[in-house]
Structures are given as structure tokens and as C-alpha cells.
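*Asks:* Provided herewith is a single structure, encoded as C-alpha cells, for subsequent inquiry.
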Number of protein chains: 2
Amino acid sequence: MSLPRIAIDAMGGDEGVRVMIEGAALARRRHDRFKFLLVGDETQIRAALADHPGMSGASEILHCEDVVGGDEKPSRALRRAKTTSMGLTVDAVKRGEAGAAVSAGNTGALMAMSKLALRTMPGLDRPALAALLPTLTDDDVIMLDLGANRECDPHNLVQFAIMGAAYSRIVTGRERPRVRLLNIGTEETKGTEDIQAAADRLRAAEGLAMDFEGYVEADKINRGECDVVVCDGFSGNIALKAIEGAARFVTDLLRSAFSSSLRSKIGFLVSRPATELLKHHLDPNNHNGAVFLGLNGVVVKSHGSANAKGVANAVEVAARLLEDDITNRIAKDLSAIDTMSLGAK
Amino acid sequence: MSLPRIAIDAMGGDEGVRVMIEGAALARRRHDRFKFLLVGDETQIRAALADHPGMSGASEILHCEDVVGGDEKPSRALRRAKTTSMGLTVDAVKRGEAGAAVSAGNTGALMAMSKLALRTMPGLDRPALAALLPTLTDDDVIMLDLGANRECDPHNLVQFAIMGAAYSRIVTGRERPRVRLLNIGTEETKGTEDIQAAADRLRAAEGLAMDFEGYVEADKINRGECDVVVCDGFSGNIALKAIEGAARFVTDLLRSAFSSSLRSKIGFLVSRPATELLKHHLDPNNHNGAVFLGLNGVVVKSHGSANAKGVANAVEVAARLLEDDITNRIAKDLSAIDTMSLGAK
């Protein structure tokens with residue numbers, strides 16, 4: 001089966017067209033079956049393509065001039081869904097001209113446009129933004145929602161758990177991913193009523209393709225003891241950014257410690273293979289590509305400041321979800337739960 | 001002026017009586033004016049004191065046999081406020097037998113007992129748990145609430161800002177601490193309605209002894225760009241634990257990277273002064289001692305797993321807040337804001 005092509009918003013992100021095209025080219029060097037629809041300013045895209053001869057035969061350009069601003073309000077961007085590179089990228093999935101969309105633009109606008117164009121899946125109340133985070137083990141952990149929904153009811157959280165488990169099955173190969181709800185303690189009485197109600201439902205449900213294992217506190221997210229961490233978008237955004245910030249804080253301290261004396265500089269040089277390994281493991285580009293789960297189509301958000309390696313990673317995430325048919329997997333799991341009357345609000 | 005003595009719950013915490021006493025002794029070696037009321041099992045306390053000859057003359061023992069369990073429900077613990085070491089430690093502050101209380105026991109129970117014994121300050125709706133976190137600069141940042149209040153309204157958040165600023169003035173010496181609200185974005189339209197309403201009030205208020213500078217995202221908490229981070233207890237607990245977990249995650253990765261080959265082991269030995277510096281800066285014991293702000297008395301929560309150095313730090317936090325009269329400072333700032341009618345709900 002040939003892979004449907006991937007639509008790329010060539011204009012989104014802080015790093016510009018060149019990085020988006022370089023990222024796509026890098027992904028294609030690793031997977032030569034990848035094909036692209038590149039959306040944006042044709043002159044700029046052609047100039048960027050000139051550096052990547054292998055790309056021309058694999059790419060079509062969809063020209064447009066309008067671009068969604070990084071700080072633009074989603075409601076305002078939405079009015080230009082038919083003229084902006086972001087809007088047309090998502091629309092290509094709707095029209096069947098691409099199988100998945102990748103953009104590094106404004107997250108709120110991308111969510112709004114994706115919901116409008118692709119619609120939320122039948123039986124699902126709200127889509128969620130999910131990302132992979134590194135752990136101490138070889139497997140990544142999936143966390144969702146990361147900011148698509150500021151507040152969530154128990155029903156939303158249960159549906160997020162189902163979507164996260166479907167995603168985790170694809171990336172970890174585990175038949176029954178270990179799912180936990182993010183909370184401020186592990187005892188049953190901890191946290192908000194919504195979280196407790198979601199836990200009750202997940203505990204009571206039978207036939208779910210996951211092992212629900214209760215709560216996880218934010219300091220255990222990266223331990224690799226669970227595969228899916230479920231939370232509302234506000235908490236998830238706080239936790240994700242706190243982790244990113246703390247990791248950067250520690251590596252900044254490490255850098256200044258290593259440059260504090262000649263002796264430590266020499267030590268740094270000697271131990272460079274070790275610190276490079278650390279850098280590789282922590283580089284956000286290696287985990288780039290957050291996914292909007294729960295839409296009728298695959299949309300991947302690349303980080304605004306991702307480099308070419310990061311963009312390539314986001315493209316690969318999109319291709320993998322497309323090949324493994326995440327949308328139908330989630331639809332199947334959601335319908336299974338509906339028949340258990342667990343879905344009732 | 002002699003410092004009122006500090007009551008110590010000798011039985012709380014995972015590490016037992018010896019560590020609590022060793023911590024108090026360590027603090028006293030640095031500040032020989034410290035005096036203690038040690039609450040708990042007299043035999044165990046006497047045995048622990050035997051290792052610290054300097055302590056006997058500076059300590060009185062208040063014997064009791066009952067101890068609050070680490071996982072005990074606060075409501076259950078509260079019924080034994082008059083018989084447990086935690087309850088009697090807090091009660092000593094109420095009775096004027098000590099100026100401040102330090103416990104490493106169950107946080108929820110300590111909060112409940114402290115509220116019952118010391119009462120919330122006049123004009124304040126809810127106390128909050130505040131802690132100091134390290135930054136890239138020489139100053140620590142204060143974050144509150146860290147879990148005392150699961151949900152908070154705008155009025156609570158404004159009062160937390162005032163209490164946090166009073167605390168920050170003591171530890172940073174800054175007359176106008178820079179205060180921000182934790183949020184999932186920095187634009188005015190981001191976050192929940194409660195956060196936006198709190199921001200509106202803090203922006204509109206005149207005469208506050210702080211510079212309110214809007215929102216901070218969780219990845220910037222440790223940058224040292226603000227002095228006080230204000231949030232509800234749920235978000236604060238998530239952010240704090242996510243930071244702790246990520247810092248541990250990175251140092252665990254670093255340790256395994258450094259032990260991955262002979263070369264990196266040698267590099268580690270050569271650069272040990274640098275990594276020791278990092279370890280020192282990140283050691284949670286150096287930042288131990290969370291404070292319940294907003295009570296009629298000083299209560300400090302030492303981390304359950306803190307070592308003697310950590311306990312000493314918590315004791316020093318208690319002494320400092322006592323000497324600098326945090327309770328009256330907060331009362332003064334709260335009354336100033338009341339006259340501005342900002343305090344109206």
C-alpha cells in the first residue's frame with residue numbers, strides 16, 4: 001500500500017520555510033516512500049527545494065500568500081481558513097489530497113482550523129493534544145491533553161484515556177498500555193471531583209484495551225512506570241512546560257558548572273560522549289510532533305522553534321499515525337466503550 | 001531580642017527521630033541562639049540527643065506517644081490534635097510556648113491542625129503553602145499555593161500574591177518583588193476566568209508593595225525573572241512536582257551516561273567539582289522548608305524524606321520568618337489592600 005502524501009504548512013513556525021523543507025527532506029531520506037504537498041509561497045518553497053534535489057519529484061506545491069500569525073487569535077485566523085497556508089494544509093486532508101497535515105504554526109489556530117475542517121470524530125466530545133515525552137526506559141510516555149481543553153469533565157478524561165491508549169499501542173507495541181490520571185496524590189481521595197469521577201469510571205469499565213492503574217503525580221511522569229498520562233489541558237500544559245523548563249534549567253546549570261574552571265572544562269571534553277548522549281536524549285527535537293487526537297484525520301503540531309531534525313520527527317509521527325490508521329483505531333475503541341454504557345455522561 | 005524557641009515534631013517524617021534531632025543540632029551549630037521544644041517519645045529523643053551534647057541545654061522535651069501516620073486522613077488525625085506529636089507541636093505555638101513549629105509529617109494533617117490551632121489571619125480567606133525554588137540567579141523564587149487549596153477564586157489568588165510578596169521581601173530584600181500568576185500563556189486572554197480576574201485586580205490595584213508583571217508559563221519558573229509565582233494549589237502542586245521529577249530525571253540520565261564507559265567515568269572524576277556544584281544547587285535539602293502562610297503563627301513543613309541538612313534548613317526558615325515577623329508583615333499588607341476595596345469579593 002502506498003502511503004498517502006503528507007501536507008506541510010511550509011510557512012508556519014519561527015524558523016521559516018527552509019527549515020520546514022529541510023525537515024521534510026530529512027524525513028524522506030529515511031523513508032523514501034514519503035510524498036508531500038507543500039503549502040505556502042511558491043517562490044520561497046522553490047528556493048528552499050533547490051537545496052534538496054530528491055524532493056522535487058516527491059512534492060507538489062500549493063501556492064498561497066496568506067500566513068497565520070504566531071500570536072494571532074484563533075477566532076481571527078479561522079476567518080482566513082481558506083486563504084492561509086495553515087488553513088489550506090488542513091483542508092488538503094479534508095479534500096483527500098493528503099492523508100495527514102503538519103504545521104509548526106500557532107497551536108490555537110491549528111486546533112480551531114482542524115476542528116472546523118475535519119470535525120470531531122463521531123461519539124467523541126472533544127479532541128485532545130497529545131505528545132510523547134522521554135522516560136528512563138526505552139519507551140516514551142504519552143501525555144494528553146496538553147492545552148486543547150482548558151477544563152475537562154470526567155467523560156472527557158475517560159475519552160482521552162481511550163485515545164491515549166490507542167496511540168500508545170502504536171508507539172510501544174503494548175497490547176494493554178498502562179494508563180494513569182495526573183493528580184496531586186495517589187490516594188483515592190486526592191484531587192478534584194472530576195478526576196475522582198473519571199478514575200471511578202475507568203476502574204469500573206470492563207473490556208477496555210488498557211490497564212488503568214490509578215493516579216500518577218507529576219514527579220513520576222518521566223519514570224517510565226506508565227504509558228499514558230491523562231489530564232485536563234490546563235494541568236497538562238503546566239506539567240509539560242514545567243518539565244521542559246526544569247530540564248533546560250538543569251542543563252544550563254551543568255553547562256555553567258562545566259565551564260567554571262579549566263579542570264571541569266577538561267572533564268567535560270573527556271566525558272563528551274556521555275554528555276552528548278544526555279543531550280540527544282533530552283533534545284526536544286527528538287520528541288517533536290504533538291498530535292491532535294480525535295479528529296477525522298491526522299494533524300501534527302511541530303514545535304514553533306523545532307529545527308530540521310525536529311520537523312523530520314513530526315513528519316514521521318504523522319506518517320506513522322497514518323499508516324497505523326490511528327483514526328479508525330480510536331473510533332473502534334470509542335464504539336466499544338459506548339456499548340458498555342460507560343460513555344454516558 | 002532573644003529568639004522565641006522553635007517547636008519540633010520529632011516523630012514526623014520518613015527518616016525518624018535521629019534525623020530530626022540531628023537537623024536541629026546542625027541548625028544550632030550555625031545559630032547558637034536557637035532553642036527548641038522537642039515533641040515526641042522522650043526515650044527516643046533522649047537517645048538521639050546523646051549524640052549532640054550542645055543540644056541538651058538548649059532543648060526541652062514534651063513527651064507524647066501518639067504519632068500521625070504518613071497516609072492518615074487529615075480529618076482522622078485532627079481528632080488526635082491533643083495527643084499526637086504533630087498536634088502538640090502546633091499547639092505549643094498557640095500556647096506561646098514556642099514561636100514557630102516545624103514538622104516533617106503528613107502535609108494535609110499539618111495544615112488541618114495548624115488551621116484549627118492557630119486560625120487563619122483576620123481578613124484572609126485561606127492560608128497557602130509556599131516554598132522557595134532555585135533559579136539561575138542567586139535569588140530563589142517563591143511559589144504558592146502548593147496544595148493547601150485545590151481550587152481558588154480570584155480573591156484567594158490576590159491574597160496569595162500579597163503573602164508571597166511579603167515573604168519574598170524577607171528572603172530577597174527586594175522592596176517590590178516581581179509577582180506573576182502561573183498560566184498556560186502570557187497573553188491577557190489565556191487561562192481560566194479566575195486567573196484573568198485575579199490579574200485584572202492585581203493590575204488595577206494601587207499601593208501594593210509589589211510589581212505585578214502578568215503571567216508566567218511553567219517553563220519559566222526557574223529562570224529567575226520573577227520573585228513570586230502565584231497559582232491555585234492543584235496547579236502549583238503539579239508544577240512543583242513536575243520540576244522536581246524532571247530535575248531528578250536529568251540527573252539520573254547524567255549518572256547513567258557518566259557510568260556508561262571507562263572514558264566517561266574518568267571524565268566524571270575529572271569534572272567532579274562541577275558536578276558537585278550542580279548536585280549542591282539541585283539538592284532539594286538546600287531548599288527544604290515549605291511555609292504555611294496566612295496563619296496566626298509560623299508553621300514550616302519539612303519534606304518527609306529530608307536529611308539532617310534539609311531539616312536544618314527548615315528550622316532556619318522557621319527562625320527567619322519568626323525574626324522578621326512575617327505574620328505581622330502580612331497582616332499589615334492585607335489591611336492596606338482592604339482599604340483599597342480591592343479585597344471585595
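Computed from the coordinates by the stated procedures, all read-outs in this text should not be read as laboratory data. Keep in mind the model is a prediction, meaning the values are calculated, not measured. Reconstructed Cβ throughout: ideal geometry from the backbone, glycine too, with neighbour counts over all protein chains shown.
*Asks:* What is the Å³ per residue value for the convex hull set by the Cα atoms of segment B:68-190?
*Replies:* Values: hull volume 18.9 nm³, N = 123.
Looking at segment B:68-190, the number lands at 154 Å³ per residue.
*Asks:* Given label points at 7 Å from Cα along Cα→Cβ, what nm distances, shortest first, separate A:GLU193 from the same residue in every other copy?
*Replies:* The projected label point of A:GLU193 is separated from its counterparts by 1.7 nm.
*Asks:* Please figure out what share of the DSSP beta bridges in segment A:125-291 is antiparallel and state it in percent, rounded to the nearest 5.
*Replies:* Details: 5 of 15 bridges.
Within segment A:125-291, antiparallel bridges account for around 35 percent of the total.
*Asks:* Please build a GNM for chain A, connecting alpha carbons under 10 Å apart, and tell me which residue among A:ILE326, A:ILE170, A:ILE142 fluctuates the most.
*Replies:* Answer for the Gaussian network model of chain A: A:ILE170.
*Asks:* Can you give me the Rg/Rh ratio for the protein assembly as shown, using Cα atoms for both radii and the Kirkwood formula for Rh? Please report the intermediate quantities before stating the final value.
*Replies:* Details: Rg = 27.2 Å, Rh = 27.0 Å.
Radius of gyration relative to Kirkwood radius: 1.01.
*Asks:* Pop out the Kirkwood hydrodynamic radius of segment B:194-345 from its pairwise C-alpha distances, inverse of mean 1/r, in Å to one decimal. Walk me through the numbers on the way to the answer.
*Replies:* Values: mean 1/r = 0.0529 Å⁻¹.
Every distinct Cα pair counted, the radius reaches 18.9 Å.
*Asks:* How much length is gained if the chain between A:GLU151 and A:GLU225 is pulled fully straight, taking 0.36 nm per residue apart and subtracting their Cα-Cα distance, in nm to one decimal? Mind showing how you got there, number by number?
*Replies:* Working: separation 74, 0.36 × 74 = 26.64 nm, distance 2.61 nm.
Here the answer is 24.0 nm.
*Asks:* Would you list which aspartates and glutamates come within 12 Å of A:LYS73, measuring only between C-alpha atoms, while excluding same-chain residues fewer than 8 positions from it?
*Replies:* Here the aspartates and glutamates satisfying the reach criterion relative to A:LYS73 are B:GLU187, B:GLU188.
*Asks:* If you don't mind, another one. Which of the GluC sites (Glu not before Pro) across segment B:131-233 are loop residues per DSSP, with 13 or fewer other Cβ within 10 Å?
*Replies:* On the way: sites: B:GLU151, B:GLU175, B:GLU187, B:GLU188, B:GLU193, B:GLU206, B:GLU213, B:GLU217, B:GLU225; in loops: B:GLU151, B:GLU175, B:GLU187, B:GLU188, B:GLU206, B:GLU217, B:GLU225.
Of the GluC sites (Glu not before Pro), the ones in loops of segment B:131-233 whose Cβ has at most 13 other Cβ atoms within 10 Å are B:GLU151, B:GLU175, B:GLU187, B:GLU188, B:GLU206.
*Asks:* Could you give, in nm with one decimal, how far B:PRO53 is from each other copy of that position, shortest first, with labels 7 Å out from Cα toward Cβ?
*Replies:* 8.5
*Asks:* OK, next. Students often get this wrong, so check it: of A:LYS94/B:LYS190; B:LYS82/B:LYS309; A:LYS279/A:LYS309; A:LYS35/A:LYS301; A:LYS241/A:LYS332, which have C-alpha atoms separated by over 22 Å?
*Replies:* A:LYS94/B:LYS190; B:LYS82/B:LYS309; A:LYS241/A:LYS332
*Asks:* Distances from A:ALA204 to the same position in the other copies: list them in nm, one decimal, shortest first, using label points 7 Å from Cα along Cα→Cβ.
*Replies:* Computed spacing set for this position: 4.4 nm.
*Asks:* Can you say what percent of the DSSP beta bridges in the protein assembly as shown, counting only those with both residues inside, are antiparallel? Round to 5. Working shown, then result.
*Replies:* Working: 22 of 76 bridges.
So the antiparallel bridges in the protein assembly as shown amount to around 30 percent.
*Asks:* Which part of segment B:256-288 falls in the paramagnetic zone of A:LEU136, meaning amide N under 14 Å from the point 7 Å along Cα-to-beta-carbon?
*Replies:* Within reach of a label on A:LEU136: B:256-257.
*Asks:* Please sort by residue number the trypsin sites (Lys or Arg not before Pro) in segment A:117-171 whose DSSP state is loop and whose Cβ has at most 12 other Cβ atoms within 10 Å.
*Replies:* Values: sites: A:ARG119, A:ARG150, A:ARG169; in loops: A:ARG119, A:ARG150.
Of the trypsin sites (Lys or Arg not before Pro), not one in the loops of segment A:117-171 has a Cβ with at most 12 other Cβ atoms within 10 Å.
*Asks:* Can you give the Rg to Rh ratio of segment A:1-115, both from alpha-carbon atoms, with Rh computed by the Kirkwood formula?
*Replies:* Rounded to two decimals, Rg over Rh is 0.96.
*Asks:* Here is a follow-up. About the Cα centre of segment B:125-293, how large is the charge dipole given +1 on each Lys and Arg Cβ and -1 on each Asp and Glu Cβ? Please answer in debye to the nearest 20.
*Replies:* Details: 19 positive and 25 negative charges, 189 e Å.
Dipole size: approximately 900 debye.
*Asks:* Follow-up. On average, how much area does the Cα convex hull of chain B cover when viewed from any direction, in nm²?
*Replies:* Values: hull surface 74.8 nm².
It is 18.7 nm².
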